[in-house]
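Working notes, structure below.
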Amino acid sequence: MSKRFSCLAFLAVVTIPLSLAAQAPSLAIQVDHPTAKVSPMLYGLMTEEINFSYDGGLYAELVRDRTIGEGWRALTHWTVVARGNSVVSVSADEKAGPSAAVPRSLKVSVTAATETAPAGVQNDGYWGIPVRPQTEYSGIFYAKTDSAGLPVTASLVNDATGATAASATVSGLSGDWKMYTFKLKTGEVAVTANNHLLLTVPRPATVWFGLVSLFPPTYHNRSEGNRIDLMEKLAAMHPKFLRLPGGNYLEGDHISERFEWKKTIGWWIDRPTHPSPWHYRSSDGMGLLEFLEWCEDLKIEPVLAVYAGYSMMQEHVEPGPALEPYIQDALDEIEYATGDAATKWGAERVKNGHVAAFPLHYVEIGNEDWFDKSGSYDGRYAQYYKAIKGRYPNLQLIATAPIKSMKPDVLDEHFYMSSEQSFSDANHYDKTDRGGPKIFVGEWATREGEPTPNLEAALGDAAWMTGMERNSDIIIMASYAPLFVNVNPGGMQWETDLIGYDALASYGSPSYWAQVLFAKYLGTEVVASTLSDAGPRVYASVTRDENKRKLFVKVVNASSDAKPLNITLDGATKVTREATFITLSGKSPNATNSITNPKAVEPVERKISIAGPRFTQSFAPYSINVLEVSY
Ligand code: AHR
């Protein structure tokens with residue numbers, strides 16, 4: 001044994017009684033010592049068409065495959081219905097669509113039908129069509145017929161009982177494509193998702209349907225807008241921005257399958273729809289304007305990701321002249337969002353129904369361009385930078401991979417982690433060079449549990465968020481991903497998603513609640529704090545809001561033991577004796593929420609008494625906590 005080693009052993013023996021006293025777990029907070037500003041935009045939303053996030057998710061359209069066939073697919077969601085002795089067949093007509101962008105239609109050939117035994121087609125929706133009592137649904141279809149004056153009856157019908165919840169008849173179809181509208185108003189019906197939309201005719205005829213749509217009431221009553229329950233869940237997250245439109249969804253597998261924003265604006269029959277990299281075709285109902293209006297409804301800013309010449313099957317556009325048309329597209333896109341009516345694309349937005357320009361400060365150049373093995377991103381970013389800054393010098397341009405030739409304004413970094421990684425890397429940004437670009441953690445998540453994360457994941461997330469919050473002088477924005485999952489069989493392409501839903505209901509995962517807590521109690525400045533002797537899997541971060549004189553103490557106890565912490569609030573002269581204590585916890589790290597048990601893990605808020613600037617507070621096993629103290 002070396003001399004030095006034996007000396008340390010000796011010291012350990014004689015200091016045991018003293019260190020025992022000093023080892024009581026503690027959190028020392030210097031309330032009057034701010035160390036950094038908290039980024040006011042720290043928490044936001046990241047979104048893309050994945051897991052039926054928009055179609056069959058946020059975008060409230062109830063008809064699946066509304067533009068009939070959508071390219072390669074069979075008529076999976078359209079089936080014939082013949083009552084009594086009626087006879088009907090259906091096929092996709094490739095020649096007779098209502099527009100160039102929607103070239104296909106549903107040809108319904110009825111050879112026998114009467115008023116009492118009508119025939120037609122039904123649509124099964126996205127895992128059912130939700131029906132609620134006393135609710136008005138707004139419908140549209142494009143149709144033409146060989147039987148002038150033909151009436152069409154639209155009905156919401158229960159799959160199991162055949163009972164009609166609501167119906168309406170549109171008459172006077174002709175040989176020309178025309179748009180027809182209808183309303184379906186339910187009475188005292190049971191709430192159920194087991195319904196379909198039925199379109200029938202009462203006599204022999206051939207009728208073509210080009211586009212069929214049905215919307216329930218939407219958030220803020222926006223026509224053809226978003227699902228109310230999901231928007232309410234997003235609003236409760238106190239987000240400050242929406243990163244749109246992806247993700248891989250921006251890039252597509254191939255350049256031809258990228259998010260071509262110009263094909264997502266205007267009336268629906270002018271949107272051709274497109275294949276998404278997540279293995280289903282997007283209706284593009286959630287087009288560029290709808291994304292921006294989604295931001296407007298939540299009073300948040302878009303972080304607009306523009307296509308930057310790379311698609312995921314290693315297809316890229318060389319920097320230089322070949323890239324120019326793509327850069328022009330991005331400039332046009334920015335003008336569409338921000339330009340006034342005197343600009344070409346601002347005028348287009350006005351024509352599309354939105355007069356006011358949208359606020360925009362951040363534009364992201366591509367997505368995860370570190371995957372581009374050609375090494376072209378440096379040149380592509382620089383070329384986009386020059387062109388966009390030339391026109392919009394105040395925009396901050398986010399790079400999606402490190403850039404060697406210049407310092408980007410902001411760098412987007414992504415982290416998909418196990419809980420152990422989230423715990424062990426919770427200090428990831430503590431030592432980051434403050435002279436480098438600002439950081440946008442544009443996608444991150446602790447991936448434990450599916451379809452939605454369990455409490456273990458939420459604990460990992462919360463530990464990671466203490467690190468982001470402490471370093472939010474350099475981390476200006478962060479967004480969990482993916483945001484949504486339709487929990488029906490076949491709905492999920494990516495495990496571990498923040499919010500789950502089916503046609504009728506939705507729920508927040510424990511990780512969702514962790515997001516809510518961190519964003520709701522954000523604060524404006526980080527204050528100095530030292531967590532000592534708390535043992536493994538315990539994390540803390542403290543912020544304050546100087547104007548409101550509120551202190552937000554966040555403690556994550558991911559261990560299996562309760563943790564009493566001696567908390568000291570130095571430099572606080574007027575600590576009130578009543579504090580608000582919010583806890584998200586569960587009996588086991590596997591505790592979770594689901595569509596059938598949506599509230600198993602939810603925050604509990606209570607008032608507690610504290611002794612003043614020095615007090616002891618115990619934190620439950622497997623818990624995420626916020627202590628709000630007025631000072
Ligand atoms: O969030 C799922 C995917 O993960 C995103 O589309 C992509 O950017 C990342 O690789």
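Here the condition is being modelled with pLDDT under 95, part of a loop (DSSP other than H, G, I, E, B), away from the ligand (no atom under 16 Å from the Cβ) and of a type outside the set (D, E, K, R); of P272, P217, it holds for P272 alone.
Conditions tested, residue by residue: (1) open to solvent by 40 Å² or more (accessible area, probe 1.4 Å); (2) over 26 Å from the mean Cα position of the chain (by Cα); (3) in the same structural domain as L289 (by TED's automatic domain parsing).
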{"position": "W345", "(1), (2), (3)": "no, yes, yes"}
{"position": "V355", "(1), (2), (3)": "yes, no, yes"}
{"position": "I365", "(1), (2), (3)": "no, no, yes"}
{"position": "K373", "(1), (2), (3)": "yes, yes, yes"}
{"position": "Y377", "(1), (2), (3)": "no, yes, yes"}
{"position": "Y385", "(1), (2), (3)": "yes, yes, yes"}
{"position": "R391", "(1), (2), (3)": "yes, yes, yes"}
{"position": "P402", "(1), (2), (3)": "yes, no, yes"}
{"position": "M406", "(1), (2), (3)": "yes, yes, yes"}
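Being farther than 28 Å from S618 by Cβ, out of contact with any Lys or Arg (no Cβ under 6 Å at 6 or more places or on another chain) and modelled with pLDDT of 95 or more is a property that P40 has. Which of the residues belonging to the range 244-265 are away from the ligand (no atom under 14 Å from the Cβ) and among the aliphatic types (A, V, I, L, M)? Result: I255, I265.
Can you confirm whether the range 201-209 contains a residue that is of a type in the set (A, V, I, L, M), part of a strand (DSSP E or B) and within 16 Å of the ligand (Cβ to nearest atom)? No; the residues of the range 201-209 include none that is of a type in the set (A, V, I, L, M), part of a strand (DSSP E or B) and within 16 Å of the ligand (Cβ to nearest atom).
Can you tell me how many residues within the range 260-288 are within 21 Å of the chain's Cα centre (by Cα), of a type in the set (A, V, I, L, M, F, W, C) and open to solvent by 10 Å² or more (accessible area, probe 1.4 Å)? Can you show your working first?
Restricting attention to the range 260-288, the residues satisfying the condition of being within 21 Å of the chain's Cα centre (by Cα) are 260-261, 264-265, 273-288.
The next check asks that each one be of a type in the set (A, V, I, L, M, F, W, C); those that pass are 261, 265, 278, 286, 288.
When the remaining residues are screened for being open to solvent by 10 Å² or more (accessible area, probe 1.4 Å), the result is 265, 278.
Of the residues in that region, 2 qualify.
Give me a count of the residues in the range 463-488 that are more than 20 Å from G57 (Cβ to Cβ), touching a residue at least 60 places away in the same chain (Cβ under 8 Å) and more than 15 Å from the ligand (Cβ to nearest atom).
Kept after step one, since they are more than 20 Å from G57 (Cβ to Cβ), are these residues of the range 463-488: 463-478.
Narrowing further to those that are touching a residue at least 60 places away in the same chain (Cβ under 8 Å): 463, 465-473, 475-478.
From what is left, the residues that are more than 15 Å from the ligand (Cβ to nearest atom) are 463, 465-473, 475-477.
Total satisfying the criteria: 13.
The set of residues in the range 563-616 being on the phi > 0 side of the Ramachandran plot and either of a type in the set (S, T, N, Q) or open to solvent by 20 Å² or more (accessible area, probe 1.4 Å) (or both) consists of G571 alone. In the range 234-249, the qualifying residues are those that are assigned to a strand (DSSP E or B) and under 10 Å from the mean Cα position of the chain (by Cα), and the one that is surrounded by the most Cβ atoms within 10 Å (Cβ to Cβ) is R243. Taking every residue in the range 553-573 that is of a type outside the set (S, T, Y) and pairing it with any residue that is open to solvent by 50 Å² or more (accessible area, probe 1.4 Å) and assigned to a strand (DSSP E or B), at least 6 positions away or on another chain, the pairs with Cβ-Cβ distances below 6 Å are A562/S618; P564/T616; P564/S618; N566/T616; D570/Q30; G571/Q30; G571/D32. Consider the range 206-216. How many of its residues are over 11 Å from I140 (Cα atoms) and buried (at least 21 other Cβ atoms within 10 Å of the Cβ)? Going through the range 206-216 one residue at a time, the tally reaches 2. Annotation note: of G491, G460, G449, G508, the sole residue that is closer than 27 Å to T35 by Cα and either away from the ligand (no atom under 16 Å from the Cβ) or modelled with pLDDT of 95 or more (or both) is G460. Within the range 429-446, restricting attention to residues that are in contact with a helix residue (DSSP H, G or I) (Cβ under 9 Å, 6 or more places away or on another chain) and in contact (Cβ under 8 Å) with a residue 40 or more places away in the chain, the residue that is farthest from the ligand (Cβ to nearest atom) is D430.
The values are calculated or read from the model by the stated rules, or taken from the named source; none is laboratory data. Everything numeric in this text was worked out from a predicted model, so none of it was measured. Virtual Cβ from ideal backbone geometry, glycine too; neighbours counted across all protein chains shown. The accessibility values were calculated without ligands, DNA or RNA, using every heavy atom of the protein model including side chains. Shrake-Rupley method; radii C 1.70, N 1.55, O 1.52, S 1.80 Å.
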